[in-house]
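The values are calculated or read from the model by the stated rules, or taken from the named source; none is laboratory data. Since the structure is predicted, the reported quantities are computational estimates derived from the model, not experimental observations. Here the Cβ positions follow ideal geometry from the backbone for every residue, glycine too, while neighbour counts run over all protein chains shown. With ligands, DNA and RNA removed, areas are computed over all heavy atoms of the protein, side chains included. Shrake-Rupley method; radii C 1.70, N 1.55, O 1.52, S 1.80 Å.
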Amino acid sequence: MQFSGGKRKKLRLTGDQRNVCYPHSLQFYLEPPSESISLIEFENLAIDRVKLLKAVENLGVSYVKGTEPYQSKLENEIRKLKFSFRENLENEYEPRRKDHISHFILRLAYCQSEDLRRWFIQQEMDLLRFRFSILPKDKIQNFLKDIHLHFEAISDEEKSVREPEILASSPSLSGSKTELELESVYKIPFADALDLFRGRKVYLEGGFAYVPLKDIVAIVLNEFRAKLSKALAKEEELCISLLLTSMCADIWILANLLEHKDCKSLF
């Protein structure tokens, strides 16, 4: 990401090119942005991302996560700040671009201490959980492939053969055959479902776990947390090595501002 003093020159992309850049309304942020942005846009993106994550935090305290009031109010906050949140919406390139760049900006600010990293990771995970929960079922397989999780949904025939075992081992299905019939089930390597295994919440067979869609989000979030934690550690090392440069000094100031109570007026 490069910076300039002037306004950003908007990219003119066709529909196909836009889809290649940001094919989904949610991201794993595997690649950093490479375009140039102005310092004014840098600041505005950072402030809007902090507002979004503060809203995620506050709603998580005020409401039970995943409930209708929580989902509705979080969607309103995301819409108000013009971030991406749903598939199949028109003119989604700019909201997805904003989501991408602003995430990486805050990585630089929130990699500075353990407390900042912990807070940032938690809010980003809650935001991803919300976006994944409203991702259409027909988009999930492509999303998993794009984030390098090669999980395949089993056929209805396979699901029927293993129905008793899956129902008995998956509390999220509440033992309901009807719910299982409507739910996708993924066959994934045992090593990717260790948390579910430890909690005795998954059916295992032949080195594979059979995971209902309701539980796949836990695996996606664990993968996201691991990647983000590793990335923040690397960025902390980078910022320490560049601490005397003017850009890192500005980022350090931003991080300190976001920590102090006198900045609550921003949110």
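For the pair GLU35 and LYS139, label points projected 7 Å from Cα toward Cβ lie 2.0 nm apart. Given bins 10 angstrom wide, list per bin the percent of all Cα-Cα distances in the stretch 119-240, short to long. Over the stretch 119-240, the share of Cα pairs per 10 Å bin runs 12, 41, 32, 11, 3, 1 percent.
Across the stretch 7-163, the mean sequence separation of Cα contacts (distance under 8 Å, 6 or more residues apart), normalised by length, yields a relative contact order of 30 percent.
Close amide H partners of ALA209, meaning residues 5 or more places away or on another chain with modelled amide H under 5 Å apart, are ILE188, PHE190.
If you take the Cα centroid of the stretch 90-163 and the Cα centroid of the stretch 179-195, the two points sit 17 Å apart.
Using a cutoff of 8 angstrom between alpha carbon atoms and counting only pairs six or more residues apart, the relative contact order for the stretch 152-214 works out to 37 percent. For the stretch 101-151, take the alpha-carbon Rg, divide it by the Kirkwood Rh, and send me Rg/Rh. The Rg/Rh ratio comes out at 1.09. Computed extension gain for LEU149 through SER176, at 0.36 nm per residue and net of the alpha carbon distance, reaches 7.0 nm. Modelled spin labels at GLU94 and GLU165, positioned 7 Å past Cα toward Cβ, are 5.3 nm from each other.
In summary, the convex hull built on the alpha carbon positions of the stretch 56-152 has an orientation-averaged projected area of 7.3 nm². Judged by the ratio a/c of the largest to the smallest principal axis of the C-alpha gyration tensor, the stretch 152-214 counts as oblate, that ratio being 1.5 or greater while a/b is no larger than b/c. Taking the 1.4 Å solvent-accessible surface of the stretch 152-214 as the whole, the part contributed by carbon and sulfur is 52%. Were the residues from GLU114 through ARG200 laid out at 0.36 nm apart, the gain over their Cα-Cα distance would be 27.8 nm.
Considered as an equivalent ellipsoid built on the Cα gyration tensor, the stretch 176-246 has semi-axes of 38, 13, 8 Å, the largest given first.
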